[in-house]
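Report on the following structure.
Every number in this text was worked out from the coordinates using simple rules, so none of it is lab data. A quick note: this is a predicted structure, and the numbers were derived from the prediction, not measured. Methodologically, a virtual Cβ is constructed for each residue, glycine included, from the backbone with ideal geometry; neighbour enumeration extends over all protein chains shown.
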Amino acid sequence: MRNVGIVGTGQTPFVKTRTDVVYPELVREGATLALADAGVTMADIDAVVFPLAPDALIGVGNGERWCVEALGAHGKPFMRVNTGGATGLSAVQAGYMHVASGMFDVVLVAGADRVSESNSAQSVLNKMWDVAYERLYPLNTITMLAMSAQRYNAKYGADERDMARITVKNRRHASRNPNAHLRAEITEDDVLATRLISWPLKLGDLCPSSTGAAAVVLMSEERAKRSGRPVAWIRGIGQNSETFWMGDRVGPRAVGDHADAEALAIAISRAYAQAGITDPSAQLDVAELYAPFSSVEMHVIEAAGLCAPGESFRRIADGEFALGSGTTVVNPSGGTLCTNPIAVTGLVRAAEVALQVTGRADARQVEGANVGLATAIGGDHQFYASMVLANHLEEIAT
């Protein structure tokens, strides 16, 4: 297995709707930015990996076919990846394996989403559940995670103000990120005053439906060092999956406690093992953790080993995990809670960590960031991906 690094990243500003471009043009925008950042053209690209979540969210079936010419990928190996919300990071992992295997030297991972093209993203996402047993509730990502939030709060003693505090932190971070969708700062009382969506989740606890593009360029060690560009080395990757049936995650016979993110913790542990991470809170400077709702951030922080189960919301109340806190900074970009273009949300997590460890995150830069973690979650919290990146190939210090 060869060493692989992220050499170029590209993100468009994320907004609710773009009416000035069609989907292939939007994908091309992100790819063009990443290619320029890496100092290459499509002539240098050996293969393309294309993240695309449910087709209905962009309004065109099999949308990957629509984008080959727009990317200039005609005649090149082209692979679509779809693991729901984890799609973007799964695609980066596929690109990593393309290069690490020795098959290709330079790979482009590029995609986009325009979630607002569907009249109701939640109606689309409801279709992932079983027709006879679970779709009729009706389950969607909001009601599913409301149940998880209820269980977490009951198990550990968190409440709606603890959830609101997470929104406040992430919005404050997003105010420094010119690409973030929701950039206006907000107070805890503002969040608590927003309308109830599915108890205990309120509008202020939820991510937006975002439109935009993102891309990264991956290179082998030889090509990356020859590029003369800053490199974010991929030091470890991990994946895992969970049971499809939501009913199997609740009740006394549950496979895992719905309060926690046990399957994600396993995916992260696999990346840690490969990277040599044994003490995450000491070895990680930054973490971009996929958390589309405020309640989710509590258990993903814990799954990442940054604190013990049931401690994250108390630590956040003490000012930890925030920029300037002196602890591992979680979601300095504002995270998924502030920007969620579903097909590329996980890709953005990797791109943001790459910017952090190469010291190029501008106003949202974590001082002295050398090592970071990116995660993504897809489906009905069923698919999990994780990635450790660092600005060096030496042993990660403990």
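Checking the cross-link filter: which lysines have an alpha carbon closer than 25 Å to that of Lys225, excluding same-chain neighbours under 8 positions apart? Straight-line reach from Lys225, under 25 Å: Lys76.
Take the Cβ atoms of Met103 and Leu393, set R0 to 22 Å, and the FRET efficiency comes out at 0.55. Partners of Lys16 within straight-line reach, counting lysines whose Cα lies under 27 Å from its Cα and excluding those fewer than 8 residues away in the same chain: Lys127, Lys169, Lys202.
At a 10 Å Cβ-Cβ cut-off, how would you order Ser227, Ser295, Ser120, fewest neighbours first? Present the calculation step by step, with values, prior to reporting the outcome.
On the way: Ser227 19, Ser295 27, Ser120 10.
Sorted ascending by nearby Cβ count, the order is Ser120, Ser227, Ser295.
The Glu25 and Lys155 beta-carbon pair, evaluated with R₀ = 41 Å, returns a calculated FRET efficiency of approximately 0.30.
Among Tyr272, Tyr384, rank each residue by its count of other Cβ atoms within 10 Å, from fewest to most, as a rough exposure measure. Walk me through the numbers before you get to the answer.
Numbers: Tyr272 24, Tyr384 30.
Lowest to highest Cβ neighbour count: Tyr272, Tyr384.
Each Lys or Arg adds one and each Asp or Glu takes one away; over the other residues whose Cβ falls under 12 Å from the Cβ of Val217, this sums to -2. Each other residue within a Cβ distance under 13 Å of Val115 adds +1 if Lys or Arg and -1 if Asp or Glu, for a net charge of 0. Between Arg135 and Ser241, the distance separating the two model label sites (each 7 Å from Cα on the Cα→Cβ line) works out to 2.0 nm.
Our coupling estimate for the stretch 177-182, obtained by passing each phi through the Karplus curve with A = 6.51, B = -1.76, C = 1.60 and θ = phi - 60°, is 10, x, 8, 5, 7, 9 Hz, Gly and Pro reported as x.
The slack between Val255 and Asp189, meaning 0.36 nm per residue of separation minus the straight C-alpha distance, is 20.1 nm. The fewest-to-most ranking of Leu145, Leu373 by surrounding Cβ atoms within 10 Å reads Leu145, Leu373.
Computing FRET efficiency as 1/(1 + (r/R0)^6) for Arg360 and Val60, where r is the C-beta to C-beta distance and R0 is 35 Å, gives about 0.55.
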